[in-house]
Amino acid sequence: MSRQADSSDDDLDLPPQTRSEVPAWVRANLNLSREEQAKLLAVLDGVFSRHERLWQQSKDEAIRALSASFADKMASVTTELSARDATVISISRYFEALVQELTDKSHRDPKTKLINFSRFSEQLESFLALEQRGRWSAVGLVDITGFKWYNDALGHAVGDRIIERVANILREQARSDDVIAQERPGARSPDLHARFGGDEFCFLIPDISECSQAHAIGERFREAVERFDWTLEDERLVAQPVRVDVGVVCLWLGRVEDRRFVARRLAAELIQRADKLMYEAKAERASHIYLLRAELKNGELIDRTSGENPT
């Protein structure tokens with residue numbers, strides 16, 4: 001018992017470590033009356049309470065400052081990430097546009113900006129394999145009459161301007177808008193114009209109701225070339241204005257099931273027949289286009305003598 005009492009007395013001699021130890025320490029170590037002890041403890045309690053409030057206030061302010069700093073940092077990071085996302089999206093769109101532009105350029109003739117013959121053949125094949133409407137379509141080939149003379153006599157620069165001008169007239173005149181826009185409103189396959197190579201061009205009119213419309217479109221183009229004031233390109237052309245020879249194959253599309261698996265061969269045969277017609281017009285020095293009607297029977301392309309729509 002004496003050891004425990006001695007140990008307890010030693011503890012009271014040590015300074016208090018917590019607020020709850022202060023009253024016992026004051027009573028054991030200070031010779032004060034109860035009234036004085038109460039006053040001292042009340043003062044000490046007030047000091048402790050004020051310091052606790054100040055400590056809590058400081059802690060709250062520190063937490064708020066830390067939270068505000070964290071929020072600012074998060075806002076900064078969010079802004080930075082948004083900027084990076086915008087940059088990535090911008091770069092992605094740039095490269096998408098670049099790829100699209102390069103792809104388009106690879107499909108176009110650099111001189112005339114018309115699609116090249118390879119792309120025309122692909123598009124024609126796709127059209128024949130997929131087109132659901134069973135009406136007439138037309139494939140035409142164009143050749144500049146006596147083009148070699150222009151190159152040899154007037155120079156390649158004049159020859160290039162002639163090619164570019166004929167391409168522009170082809171794009172403006174060999175189109176189906178005027179003949180079917182009122183008759184068949186709504187979406188339809190686009191007309192195609194291409195440079196075949198050298199001084200030759202080709203075109204596709206995908207949707208017409210009868211072959212006479214293809215003839216009208218071809219004649220409109222041929223006459224537009226004849227009417228053009230070629231002295232605007234070179235004054236020497238007054239002596240020999242530019243003319244074109246045109247061959248057109250008008251195809252009755254029929255059922256897509258009949259075309260789908262022979263589309264590639266059919267496209268090649270249509271181009272070959274239009275080419276043959278064009279050279280026949282050239283040989284005859286014709287002042288009109290040469291036109292042929294054709295349809296597909298049992299997988300073979302055959303000529304038609306009648307202009308009526310097959311049943």
Open item on the list: Checking the conditions here, which among Ala157, Ala153, Ala97 is at pLDDT below 90, assigned to a helix (DSSP H, G or I), among the small types (Gly, Ala, Ser) and over 18 Å from Val249 (Cα atoms)?
Closed with: Ala97
Task: Only listed residue being among the basic types (Lys, Arg) and modelled with pLDDT of 95 or more, chosen from Arg165, Arg220, Arg236 - done: Arg165
- [ ] Could you tell me which numbered condition Ser33 fails, if it satisfies all but one of (1) surrounded by 10 or more Cβ atoms within 10 Å (Cβ to Cβ); (2) at pLDDT 75 or above?
- [x] (1)
TODO: Please tell me if Ser82 is out of contact with any strand residue (DSSP E or B) (no Cβ under 9 Å at 6 or more places or on another chain), open to solvent by less than 90 Å² (accessible area, probe 1.4 Å) and modelled with pLDDT of 75 or more.
DONE: yes
TODO: Go through region 198-216 residue by residue and tally those that are assigned to a loop (DSSP other than H, G, I, E, B) and open to solvent by less than 20 Å² (accessible area, probe 1.4 Å).
DONE: 0
Open item on the list: Go through region 250-280 and report how many residues are among the acidic types (Asp, Glu), touching a residue at least 12 places away in the same chain (Cβ under 8 Å) and exposed (fewer than 15 other Cβ atoms within 10 Å of the Cβ).
Closed with: 1
Task: Pairs with Cβ under 9 Å, 6+ apart, first in region 130-148 and part of a loop (DSSP other than H, G, I, E, B), second open to solvent by 40 Å² or more (accessible area, probe 1.4 Å) and among the acidic types (Asp, Glu) - done: Arg135/Glu210
Open item on the list: So, in region 234-249, how many residues would count as being in contact with a Lys or Arg (Cβ under 9 Å, 6 or more places away or on another chain) and surrounded by fewer than 19 Cβ atoms within 10 Å (Cβ to Cβ)?
Closed with: 2
Open item on the list: I need the full set of residues from region 143-161 which are open to solvent by less than 40 Å² (accessible area, probe 1.4 Å) and either aromatic (Phe, Trp, Tyr) or touching a Leu at 6+ places or on another chain (Cβ under 8 Å) (or both), in order please.
Closed with: Phe147, Tyr150, Leu154, Val158
TODO: Return the total of residues in region 234-280 being over 24 Å from Asp152 (Cα atoms) and in a loop (DSSP other than H, G, I, E, B).
DONE: 3
Task: Subset of region 217-233 [open to solvent by 30 Å² or more (accessible area, probe 1.4 Å) and in a helix (DSSP H, G or I)] - done: Arg220, Glu223, Glu226, Arg227, Thr231, Leu232
Task: Residues of region 112-131 that turn out to be of a type in the set (Phe, Trp, Tyr) and within 16 Å of Ala263 (Cβ to Cβ), as a count - done: 2
Task: Subset tally (residues that are part of a strand (DSSP E or B) and open to solvent by 60 Å² or more (accessible area, probe 1.4 Å)) for region 281-301 - done: 3
Task: Counted residues, region 222-242 - those being hydrophobic (A, V, I, L, M, F, W, C) and out of contact with any helix residue (DSSP H, G or I) (no Cβ under 8 Å at 6 or more places or on another chain) - done: 2
TODO: Determine, yes or no, whether Leu232 is in contact with a Leu (Cβ under 8 Å, 6 or more places away or on another chain) and either without any contact (Cβ under 8 Å) to a residue 24 or more places away in the chain or aliphatic (A, V, I, L, M) (or both).
DONE: no
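The values are calculated or read from the model by the stated rules, or taken from the named source; none is laboratory data. Quick caveat, the model's predicted, so the values are computed rather than measured. Positions of Cβ are backbone-derived with ideal geometry, glycine not excepted, and every protein chain shown enters the neighbour counts. Ligands, DNA and RNA are excluded from the accessible area calculation, which covers all protein heavy atoms including side chains. Shrake-Rupley method; radii C 1.70, N 1.55, O 1.52, S 1.80 Å.
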